[in-house]
Each structure stands twice: as C-alpha cells, then as structure tokens.
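Have a look at the structure below, then the notes.
The values are calculated or read from the model by the stated rules, or taken from the named source; none is laboratory data. For clarity, every value in this text was computed on a predicted model and none was experimentally measured. Cβ coordinates were reconstructed from backbone atoms using ideal geometry, including for glycine residues, and neighbour counts include every protein chain displayed. Note: areas computed on protein heavy atoms with side chains; ligands, DNA, RNA excluded. Shrake-Rupley method; radii C 1.70, N 1.55, O 1.52, S 1.80 Å.
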Amino acid sequence: MSEGLLRTTLPDRAGAALRDTFLQQALTIATTKFIDLRRESFEGFPQGEALRDRARAIKEATLQHLDVYLERLADNVERLGGTVHWAATAEEAREIVLRLARDRGVRMAVKSKSMATEEIDLDGALEHAGVTPVETDLGEYIIQLAHEKPSHIIAPAIHKTKGQVAELFSRELGGRFEADPEVLTAVARRALRQKFLEAEMGITGANFAVADTGTVVLVTNEGNGRMVTSLPRIHVALMGIEKVIPSMSDLVVFLAILARSATGQKLSSYTTLVRGPRRAGELEGPEEFHLILLDNGRARQIASTLREALYCLRCGACLNVCPVYRQIGGHAYGYTYPGPIGILLTAMLKGNESVRELAHASSLCGACKDVCPVRIDIPRMLVELREHLDREKIAPWSERVVFHAFRRLLLSPVAFRLSARAGRWLQRPFVRAGRLRRLPLLLGRWTRTRDLPPVAARTFRDRWKELR
Ligand code: SF4
C-alpha cells in the first residue's frame with residue numbers, strides 16, 4: 001500500500017472513486033465487457049463446469065502435499081540446469097533478485113506482468129539499487145509511465161480511458177498521439193523494442209509450475225512474455241508456492257478454464273513453457289534461469305480458514321462481477337490485490353489488522369463464487385474473517401457492541417417481537433412511499449446512498465394466524 005493511501009480511510013478512498021467520472025466510465029466499460037466475454041465463452045463450452053470441479057480438486061489435492069510437489073519441482077528445475085531459490089519473505093525475495101543483478105552487473109531489467117513482483121514491490125527495490133525496471137505488458141507500461149499501481153489483477157490500467165492514455169503517452173514519450181488503441185499500442189511497441197535488446201535480465205511471474213517436468217508456465221496475450229524470457233541473458237521467475245501443480249495433464253485442465261474466465265478466450269494468445277536455460281546447440285534462450293519460490297505468509301495459511309484463497313488462479317473474474325469493485329475500482333482497496341479475493345489475500349499476506357475496514361467491502365452477494373473457475377467460496381471466508389476481527393477485537397468497538405446486541409436480540413423471541421413492534425412505531429416519520437428514505441443521526445449514513453424496506457407491518461405470528 002502506498003504511504004499516501006494509508007493515511008486515508010476506505011470510505012474516503014471509495015468516495016473519491018465514486019466522484020471520479022473518468023474512473024466510473026472506464027470501470028463500467030471494461031468490467032461489463034469482461035463479464036459478457038466470460039459468459040459467452042462458458043455458454044459455448046459444456047465441459048466447463050466439470051473442468052472447474054476438476055481444477056478445484058487438483059488444487060485441493062496439491063495443497064495436501066505441497067511440500068512434496070515443491071521439492072519435486074525444485075529437483076526437476078535443477079536437473080534442467082536452472083537454479084532454485086527459496087524466499088520465506090518479500091524481503092528475502094527482493095534480496096535474491098538484487099544479489100543476482102549486482103553480481104552480474106545488470107543495469108536494466110525488462111519485466112512481464114507479475115502480481116508476485118508487485119506483492120514484493122520489486123520495481124522500487126530495483127530502482128533503489130540502480131537497476132532500471134521496464135514493464136513490457138502494455139497495461140503495466142502505462143501505469144509505470146503514470147507512476148501508479150495496478151488496479152486490476154489482469155488489466156492493470158483498467159481505470160484509465162484511452163483518452164487518458166493518449167495524453168499520458170504524448171506527455172511522457174513526446175509527440176501527439178490520438179486516442180486510438182492501435183496507434184497507442186504501436187507507440188508502446190516502438191518504445192519497448194530497444195529495451196528488450198538492451199536489458200541484461202528478464203523478470204517474470206509464473207501462472208503455473210509443473211512439478212513432474214520442472215516447467216514454468218506463462219500465459220500472456222501480448223508476446224512480451226516470450227521476449228522477456230528469451231532475449232536477456234538471465235531469466236528470473238518469481239512465483240508464489242501455491243502455483244505448483246503436479247503434472248502436464250493437470251495443466252491442460254487449468255489452461256482450458258483460465259483464459260475463458262479471465263478474458264473469454266478459448267486460450268490466451270501465448271502459452272510459454274520455460275524449461276531451464278538455453279542448452280548447448282540451441283539458438284535462443286537465456287544463459288541462466290532462476291526460479292524463486294515465494295512463501296511470504298502462504299504456508300501458514302494452509303491450515304487456516306483462508307486456505308481456499310490459495311487456489312486462486314488470478315484470473316480477475318471475481319473483480320469484474322463484484323458490485324463493490326465495479327463502483328470503486330482497485331486503488332480504493334489500497335493494497336496490491338484488489339477485489340473480493342484481494343481482501344482475503346491481503347489478510348493472508350499482511351495479517352487481519354490490515355483488512356479491518358476492507359473485510360466489510362463486500363455485499364456477500366455470491367457473484368464472485370459463481371464465476372470463480374475453482375469455485376473459491378469467497379463469501380464464506382469473508383464472513384469468517386469478520387468473525388475473526390470481532391473475536392480478536394480488531395473490529396471497531398462500536399461495531400462489536402452493535403452486533404453483539406443484535407445477536408442477543410435475534411436469540412430472544414420476546415426481545416425480537418418487542419423490538420419489531422418498537423421499530424414499526426419509531427419508523428413512521430421516516431417512511432416515504434413505502435420505503436425508509438432518510439434515517440436520523442448515525443443511521444443516516446446508511447440511507448445517504450440507498451433506502452430500506454420498513455420493518456414489516458405483519459409479524460410472523462400475524463401471518464400464521466391468517467393461514468389458519
Ligand atoms: S478468486 Fe477465483 S475468480 Fe477471483 S481471481 Fe482468483 S481464481 Fe479468479
């Protein structure tokens with residue numbers, strides 16, 4: 001989270017996002033498009049539902065023996081000539097990359113899109129050490145030029161309109177570029193081409209890593225991943241330990257549902273399989289390949305209530321359908337991972353205290369679970385997270401008092417009946433056209449942006465009497 005964002009509250013950040021008309025326009029267009037593409041893609045793919053079940057089962061079975069699969073992966077990567085590094089924390093992961101860069105005199109590193117490198121703030125560390133990081137995914141390149149952070153897991157610059165990108169390119173790259181995606185893509189391509197040739201190091205994430213074969217898999221749409229993994233003389237791949245899968249046949253299952261969930265494609269344009277460094281006789285590929293296996297708080301979650309969040313494929317589908325994300329965008333969440341799954345990942349990586357406010361940034365409507373390719377039960381985990389916040393006394397005291405009082409009320413039929421009767425009487429001055437439209441005092445915060453149905457005029461007992 002940036003220092004600036006840490007100083008503001010979630011309601012302040014959300015309010016600013018709601019007032020930003022450009023952001024609202026960009027979010028509506030992009031998320032609606034992603035939702036439609038995903039739906040059409042699965043409608044024409046009857047095997048999709050069974051494959052989602054299969055993918056979930058693979059994730060669950062892999063987590064049961066994660067240590068075994070990680071050891072197997074490491075052995076096979078080393079057998080292919082690569083070097084495996086284990087990083088317990090973000091600091092360790094950064095230090096490994098910086099040491100490699102320092103020892104080999106690296107001055108420029110090209111990167112393909114990777115949320116894991118965002119998670120450890122690698123760009124900042126590289127810059128600090130005198131290494132220039134260059135993002136080569138178009139969305140990442142845009143936000144790097146704008147000195148911003150990604151606001152979506154797969155579409156980092158989703159918050160920008162094409163007009164804003166045209167202005168940014170004109171200002172930063174010199175020229176006057178029209179707000180035409182083709183023109184802007186060509187401009188970025190020209191600017192990046194030379195960087196691929198100059199960089200001594202290529203840095204990527206990994207969508208999957210296959211334990212049986214030591215293969216690191218990258219799924220991209222722009223071809224930059226191939227350039228990053230093959231042109232510089234050193235390739236460093238950073239992946240969370242949960243990305244390991246057992247076999248190539250498992251990979252086929254995930255590839256069939258990942259792109260459909262993310263962008264509605266049958267397959268992403270490029271699926272790159274990296275198997276170690278260049279071997280004798282091969283014409284291209286890096287001289288060195290390093291795989292960094294990042295824990296950073298993941299292993300301790302295997303036995304926790306957040307376990308299922310480790311299944312996440314980072315497809316972004318749950319963000320697109322989330323009514324909260326669709327309104328406030330990714331930056332308002334304040335951390336690397338936005339959206340409903342982002343709340344859980346933030347709690348996982350940074351502790352429950354960090355999601356004190358965010359745990360409530362969900363309507364629990366269940367749309368996220370419906371679209372998730374591995375059926376992660378995000379709403380259940382959010383409810384459990386709220387329970388933890390209450391039990392650990394992290395939630396604000398006022399909220400804890402209100403909910404404890406409400407619990408007591410629900411557990412006592414007499415108290416419930418009496419309060420319903422009192423509610424019906426007290427609400428009278430505030431009911432307009434059958435809705436509670438403006439409540440007084442603190443309750444007014446609820447009705448500032450929405451209304452409520454009034455407390456029902458008839459109790460359950462009235463209804464029961466009628467039926468008899
Ligand atoms: S939780 Fe599911 S839908 Fe959301 S990003 Fe992860 S895999 Fe995709």
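Can you tell me which residue among Lys149, Lys162 is away from the ligand (no atom under 16 Å from the Cβ), among the basic types (Lys, Arg), within 18 Å of the chain's Cα centre (by Cα) and open to solvent by 50 Å² or more (accessible area, probe 1.4 Å)?
Numbers: Lys162 fails: within 18 Å of the chain's Cα centre (by Cα).
Just a single option satisfies the conditions, and that option is Lys149.
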Those residues that are farther than 20 Å from Ile328 by Cβ and within 16 Å of the ligand (Cβ to nearest atom), I need them from the range 384-401; list them, please.
Glu384
Show the residue pairs meeting these rules: Cβ distance below 9 Å; 6+ apart or different chains; first residue within the range 307-319 and more than 6 Å from the ligand (Cβ to nearest atom); second residue hydroxyl-bearing (Ser, Thr, Tyr) and modelled with pLDDT of 95 or more.
Leu319/Thr31; Leu319/Tyr325
In the list Leu63, Leu23, Leu18, which residue meets the criterion of being buried (at least 17 other Cβ atoms within 10 Å of the Cβ), closer than 19 Å to Cys322 by Cα, touching a residue at least 12 places away in the same chain (Cβ under 8 Å) and not acidic (Asp, Glu)?
Leu23
Could you grab me the full set of residues in the range 321-334 that are under 17 Å from Ile154 (Cβ atoms) and either away from the ligand (no atom under 15 Å from the Cβ) or not charged (D, E, K, R) (or both)?
Val321, Cys322, Tyr325, Gly329, Gly330, His331, Tyr333
Against the condition outside any helix (DSSP H, G or I), touching a residue at least 12 places away in the same chain (Cβ under 8 Å) and open to solvent by less than 40 Å² (accessible area, probe 1.4 Å), how does Ala395 come out, does it pass?
yes
If I filter the range 105-122 down to residues being under 14 Å from Val236 (Cα atoms) and of a type outside the set (Val, Ile, Thr), which single residue comes out as farthest from the chain's Cα centre (by Cα)?
Met108
Would you be able to tell me the number of residues in the range 88-132 that are surrounded by fewer than 22 Cβ atoms within 10 Å (Cβ to Cβ) and either part of a strand (DSSP E or B) or among the hydroxyl-bearing types (Ser, Thr, Tyr) (or both)?
3
For the range 335-376, give me the residue count where each residue is surrounded by fewer than 19 Cβ atoms within 10 Å (Cβ to Cβ), part of a loop (DSSP other than H, G, I, E, B) and within 10 Å of the ligand (Cβ to nearest atom).
1
Take the residues in the range 128-159 that are among the β-branched types (Val, Ile, Thr) and in contact with a strand residue (DSSP E or B) (Cβ under 6 Å, 6 or more places away or on another chain); name whichever of them is farthest from Phe34 (Cα to Cα).
Val131
From Leu426, Leu411, residue being modelled with pLDDT of 85 or more and closer than 25 Å to Arg386 by Cα
Leu411
Scope the range 410-425; condition open to solvent by less than 50 Å² (accessible area, probe 1.4 Å) and either part of a helix (DSSP H, G or I) or of a type in the set (Phe, Trp, Tyr) (or both); matching residues
Ala415, Ser419, Ala420, Ala422, Gly423
Kindly state which helices (runs of 4 or more DSSP H) lie completely within the range 176-284 and contain at least 3 residues that are within 16 Å of the ligand (Cβ to nearest atom), open to solvent by 10 Å² or more (accessible area, probe 1.4 Å) and within 24 Å of Leu80 (Cβ to Cβ).
248-262
First in the range 68-97 and farther than 17 Å from Gly297 by Cβ, second anywhere and open to solvent by 20 Å² or more (accessible area, probe 1.4 Å) and assigned to a helix (DSSP H, G or I), Cβ under 7 Å, 6 or more apart:
Val84/Glu78
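Okay, residues lined up against (1) farther than 28 Å from Val244 by Cα; (2) hydrophobic (A, V, I, L, M, F, W, C):
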{"residue": "Glu127", "(1), (2)": "yes, no"}
{"residue": "Lys149", "(1), (2)": "no, no"}
{"residue": "Val183", "(1), (2)": "yes, yes"}
{"residue": "Arg190", "(1), (2)": "yes, no"}
{"residue": "Ala206", "(1), (2)": "no, yes"}
Of (1) in contact (Cβ under 8 Å) with a residue 40 or more places away in the chain; (2) assigned to a helix (DSSP H, G or I); (3) among the charged types (D, E, K, R); (4) within 16 Å of the ligand (Cβ to nearest atom), Arg380 satisfies every one except (1)
